[in-house]
Amino acid sequence: MYKQIVINITEHETRVALLEDGNIAELFIERGEASDIAGNIYKGRVQRVLPGMQAAFVDIGLNQAAFIYVDDVIGSSQNDIEELFVDQEDNKEPAADINLTAPIRTYAHRNGNIEELLIEGQEIMVHVAKSPMGTKGARATTHISLPGRFLVLMPTSDHVGVSRRIEDEVERNRLKQMVQELREDRFGYIARTAAEGVQQEKLANEMKFLKNLWGNIQKKHESASAPALIHKELSVSLRAVRDLLIHEAEKLIIDSSEGYESVLGLLDTFMPSLKSSVELYEGAEPIFGAFNIEGDISRALKRKVWLKSGSYIVIEHTEALVAIDVNTGRYVGKYNLEETILKTNLEAVKEIAYQIRLRDLGGIIIIDFIDMEKKSNQEKVFSALKEALKKDRSKTNVLPMSDMGLIQMTRKRIRKPLTRILCEPCFYCGGEGYLVSKQTICYNIYREILRESWDMLGAKVSLRVNPEIAEILHGEENHIIVALERIINNQIVIYPNPQLHVEEFDVFEVLKD
């Protein structure tokens with residue numbers, strides 16, 4: 001399978017798409033202050049201790065306090081610690097090699113009470129494992145992990161492990177012995193998948209780099225006043241280089257010269273040989289349009305997804321779970337009902353696995369397949385779903401199909417799903433559905449004017465929008481208009497039109513006299 005990364009960077013937004021054989025498989029979006037904070041390290045102050053929940057709230061300087069469980073506090077389990085490093089792609093516990101922002105340690109025995117470990121007002125260093133989602137604050141841990149190209153440094157552990165994606169036992173033993181010989185401290189290390197076949201010198205250099213990074217973090221922690229950010233995770237584009245280009249993708253294409261230089265700078269540190277895999281896109285058409293990505297993103301925001309046969313699936317978000325329903329739609333089959341249902345369910349399986357990954361759905365997911373009478377057919381659908389989910393880098397756990405034709409599964413949730421990032425509750429229907437958010441509409445306008453500006457010869461550009469969008473473009477998102485006028489070297493005049501739906505807009509040029 002040919003994989004490539006396409007990165008679109010503007011002043012206001014960065015979008016990273018992972019393409020597999022030309023089709024978008026994953027999408028990551030970062031917008032200004034709303035960037036993903038998972039992986040950041042903060043000096044926080046304990047705000048409140050909750051003995052009844054064995055957890056605490058920690059002020060890290062955000063609008064919402066971070067949440068930390070007793071198992072994520074150093075000292076909560078000092079005896080009989082079982083370290084688990086299992087490949088996430090085997091649908092078991094998440095591997096540190098795959099999910100670098102999640103807490104690395106899983107405990108076999110859990111001891112200690114939260115009130116014995118933390119007190120209100122105490123200052124602690126925490127690593128953000130999950131970004132805030134909705135009304136929930138960030139999930140934090142005191143078990144720090146610093147990822148590199150070949151190693152993950154765990155300064156709060158003394159365990160040496162090897163990614164289970166490295167299956168050769170001789171190589172596993174070689175890496176483990178090499179790391180144990182190289183370390184001059186009691187820090188823990190994990191040899192990542194990329195370390196397979198690497199010589200001792202490269203591991204030694206990276207170990208030194210990570211130790212120096214940890215030393216700088218400790219110095220900042222000592223001098224900073226809580227709450228404070230003391231280490232920022234890489235931007236979404238550089239994380240794509242570290243976690244996708246180095247491990248999976250064959251090529252990276254980026255449309256920003258500044259971003260291009262940043263990527264090359266990171267590769268200089270971690271993998272100079274991959275610099276030839278990076279390409280600066282200089283085409284006139286916007287990069288996501290050139291790779292036919294925009295249409296797939298729009299499709300991923302729809303409630304109903306049509307399949308090639310004429311059947312369809314419906315994806316519903318609720319407070320507690322995500323429900324996916326399979327329907328035959330226009331598909332009537334050729335032979336008998338059972339075969340028609342089986343073919344529909346098998347076709348739906350591929351699309352469901354694809355949409356779960358693209359939309360980044362997490363938590364509890366219930367899939368309602370069309371009822372099948374034969375047990376063998378139920379097992380075929382179940383096996384097909386498990387096989388389709390193997391491509392997903394997030395941890396999934398799938399239960400066999402019930403007698404009612406339901407499959408229950410869970411998927412590890414790290415970020416907000418795509419619909420929560422790009423959409424907002426619909427004010428037309430009282431919050432029962434979703435509209436594309438006003439901010440997303442503004443960015444769509446930005447891209448549309450850029451696209452059309454190549455053919456414009458007029459003295460200025462006129463933009464007709466809904467009054468609510470006009471107000472935003474004159475106010476908090478005015479920087480978009482300012483940036484566009486500078487880029488296209490033309491004036492943009494905004495005309496509010498109450499007859500336009502909030503998602504509609506018209507762009508046209510005013511010709512010179």
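Each other residue within a Cβ distance under 9 Å of ALA323 adds +1 if Lys or Arg and -1 if Asp or Glu, for a net charge of -3. Once all protein chains are placed together, LYS202 keeps about 120 Å² accessible to a 1.4 angstrom probe.
Distance check, please: which entries in LYS350/LYS416; LYS3/LYS176; LYS202/LYS391; LYS302/LYS343 exceed 27 angstrom between their Cα atoms?
LYS3/LYS176; LYS202/LYS391
Here the Debye sum runs over all C-alpha atoms of the stretch 212-285 as equal scatterers in vacuum, and log10 of I(q)/I(0) at q = 0.11, 0.21, 0.28 Å⁻¹ comes out as -0.39, -0.90, -1.26.
A cut-off under 12 angstrom between Cβ atoms defines the neighbours of ARG447, and their net charge, with Lys, Arg +1 and Asp, Glu -1, is -4.
Based on Cα atoms of the stretch 408-511, Rg over Rh with Rh as the Kirkwood radius reads 1.08.
In the chain, Cα pairs under 8 Å separated by at least six residues give a relative contact order of 13 percent.
The residues of the stretch 209-356 expose on average 50 square angstrom of accessible surface per residue, using a 1.4 Å probe on protein heavy atoms. Helical content alone sets the calculated 222 nm signal of the chain at -9000 deg cm²/dmol, taking -39,500 (n - 2.57) per DSSP H segment of four or more residues and averaging over every residue.
Within the stretch 142-175, which GluC sites (Glu not before Pro) sit in a loop by DSSP and count at most 13 neighbouring Cβ atoms inside 10 Å? In loop regions of the stretch 142-175 (DSSP not H, G, I, E or B), the sparsely surrounded GluC sites (Glu not before Pro) are GLU167.
Taking all protein chains as present, what is the carbon and sulfur share of the accessible area of the stretch 281-347, in % to the nearest whole number, probe 1.4 Å? About 52 percent, which is the carbon plus sulfur part of the accessible surface. Among TYR189, PRO425, GLY121, pick out the residue whose Cα is farthest towards the positive end of the charge dipole of the chain, where Lys and Arg carry +1 and Asp and Glu carry -1 on C-beta, about the Cα centre. Projecting each Cα onto the dipole axis, the largest value belongs to TYR189. Any idea which of LEU229, HIS159, LEU175 is furthest toward the positive side of the dipole for the stretch 125-240, if Lys and Arg beta-carbons carry +1 and Asp and Glu beta-carbons -1? Highest projection toward the positive end goes to LEU229. Figure legend: label point modelled 7 angstrom from the Cα of ARG447 along Cα→Cβ; residues of the stretch 458-480 with amide N under 20 Å from it are 463-466, 469-470, 473, 477-480.
What net charge do the residues around TYR2 carry, taking every other residue with its C-beta under 10 Å from that of TYR2, with Lys and Arg at +1 and Asp and Glu at -1?
Neighbour charge sum, excluding TYR2 itself: -1.
Just to be sure I understand: of the beta bridges DSSP finds with both ends in the chain, what percent are antiparallel, rounded to 5?
Antiparallel bridges: around 75 percent, rounded to the nearest 5.
For GLN180 and LEU234, a Förster radius of 41 Å and the Cβ-Cβ distance give a FRET efficiency of 0.90, rounded to the nearest 0.05. What the Cβ-Cβ distance of ALA224 and ASP506 gives, at R0 = 56 Å and to the nearest 0.05, is a FRET efficiency of 0.65. Annotation note: chymotrypsin sites (Phe, Trp or Tyr not before Pro) in the stretch 159-228 located in DSSP loop regions with a Cβ neighbour count of at most 13 within 10 Å are absent. Between the alpha-carbon centres of the stretch 360-406 and the stretch 1-72 there is a gap of 28 Å.
Rolling a 1.4 Å probe across all protein chains gives HIS317 an accessible area of roughly 50 Å². Taking only Cα atoms of the stretch 142-203, what ratio of Rg to Rh do you get with Rh as the Kirkwood inverse-distance radius? So for the stretch 142-203, dividing Rg by the Kirkwood Rh gives 0.94.
Farthest towards the positive end of the charge dipole of the stretch 1-44, among the residues ASN23, ILE37, HIS12, is the Cα of ILE37, using unit charges on the Cβ of Lys, Arg, Asp and Glu. Only beta bridges with both residues in the stretch 406-513 are counted; by DSSP, about 60 percent of them are antiparallel. Here the dipole of the chain is about 620 debye; that uses its Cα centre as origin and unit charges on the Cβ of Lys and Arg (positive) and Asp and Glu (negative). Of all lysines in the structure, those lying under 22 Å Cα to Cα from LYS219, and not within fewer than 8 positions of it along the same chain, are LYS43, LYS208, LYS211, LYS232.
The values are calculated or read from the model by the stated rules, or taken from the named source; none is laboratory data. These numbers were taken from a predicted model, which means no experiment stands behind them. Every residue, glycine as well, gets a Cβ built from its backbone with ideal geometry; the counts of neighbours run over all protein chains shown. The protein model used for the area step is the full one, side chains on, heavy atoms only, and it has no ligands, DNA or RNA in it. Shrake-Rupley method; radii C 1.70, N 1.55, O 1.52, S 1.80 Å.
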